[in-house]
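A.B. asks: The structure's right below; bear with me while I get my questions together.
Each reported figure results from applying straightforward, stated rules to the coordinates on display, with no laboratory input. Owing to the predicted nature of the structure, the values given are computational and were not obtained by experimental measurement. Heads up, the Cβs are rebuilt from the backbone with ideal geometry, glycines too, and the neighbour counts pull from every protein chain shown.
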């Protein structure tokens, strides 16, 4: 018996694609679905089942607990500060990288990728080295009664560091694929730099911005490692939602821990839905 062969399928536009035999496609699809069920759907279902195990009333009481409300508030504040700052940086950096040539361009790209290659724990320790009591700026900050570590500013700095590549890294390939023809044509017709940006560049990258903001916001709200190092785990003051989940779980308060964790799960589901729409539109904009 001859080995199964790949089928060459022709499209109307003259392109061809290789299609695997039906048994191979079924096996690959089944493996993918089983993997998703075990590592995505099952843990997600476990979170919600544990959260509502003792009833909806107990679930609401867990969310209304003062320390939990303080953690939710701090998480929202952190995202509200980190995401807009990363948005401004991401748009400016990607515009410069994709549309212009300048000395240090490759260095800028490398620095943007730096948080992807550094463990969040290490990034948190870097802030301890800089702003800690025994750190480089520690004596100066202590002398002027300025608190960075174990306070909100430290959490904001750590979150901004670990999230700032997301928007830029979504926009750079999108803007590079679009080229510079439209911007150059606008400049030739007399448009200023700002007019070109707001009327040509920005409308072309709007879905890429939305996609990057979604990922950045999800990471900002769910960040654990770096925030854990710089927060000090002070109840009601420096605990974000992920840290609050850890504390409740370590205290064997499983229902409350899963109830708070369900907030992040809701965020993940909403992020997934909006991300799918944005990703589809980004692909449409990148096609020639």
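A.B. asks: Using the per-residue mean of other Cβ atoms lying within 10 Å as a proxy for protection, in what order, highest first, do the peptides 165-176, 57-68, 247-258 fall?
C.D. replies: Averaged packing, sorted descending, gives the order 165-176, 247-258, 57-68.
A.B. asks: Cα extents of segment 150-288 along the three principal axes, largest first, in whole Å?
C.D. replies: 66, 30, 18 Å, listed from the longest principal axis down.
A.B. asks: So, how do all the Cα-to-Cα distances of the chain break down into 5 Å bins, in percent, from 0 on up?
C.D. replies: In whole percents, the pair-distance histogram is 1, 5, 9, 11, 12, 13, 12, 11, 9, 7, 5, 3, 1, 1, 0, 0, 0.
A.B. asks: Now for a different question. R0 = 45 Å: FRET efficiency of residue 52 with residue 204, Cβ-based, nearest 0.05?
C.D. replies: Values: r = 44 Å, r/R0 = 0.98.
Here the calculated transfer efficiency is 0.50.
A.B. asks: So what's the convex hull volume per residue for the Cα atoms of segment 50-209, in Å³?
C.D. replies: 194 Å³
A.B. asks: Could you work out how far apart the two model spin labels at residue 22 and residue 152 are, taking each label as a point 7 Å from the Cα in the direction of the beta carbon, and quote it in nm?
C.D. replies: Once both label points are built, they end up 6.3 nm from each other.
A.B. asks: Residue separation times 0.36 nm, minus the C-alpha to C-alpha distance between residue 41 and residue 105: what's the value?
C.D. replies: 18.9 nm
A.B. asks: Right, something else. Evaluate E = 1/(1 + (r/R0)^6) for residue 191 and residue 276, where r is the Cβ-Cβ distance and R0 equals 35 Å; express this FRET efficiency to the nearest 0.05.
C.D. replies: 0.50
A.B. asks: Quick check on packing: order 29-36, 77-84, 153-160 by the mean number of other C-beta atoms within 10 Å, highest mean leading.
C.D. replies: Details: 29-36: 10.2, 77-84: 18.8, 153-160: 23.2.
Top to bottom by mean Cβ count within 10 Å: 153-160, 77-84, 29-36.
A.B. asks: Can I ask one more? Could you check the simple spin-label distance between residue 251 and residue 235, using points 7 Å along Cα→Cβ, in nm with one decimal?
C.D. replies: 0.4 nm
A.B. asks: So if I take the centroid of the Cα atoms in segment 83-141 and the same for segment 149-177, what is the distance between those two points in Å?
C.D. replies: 8 Å
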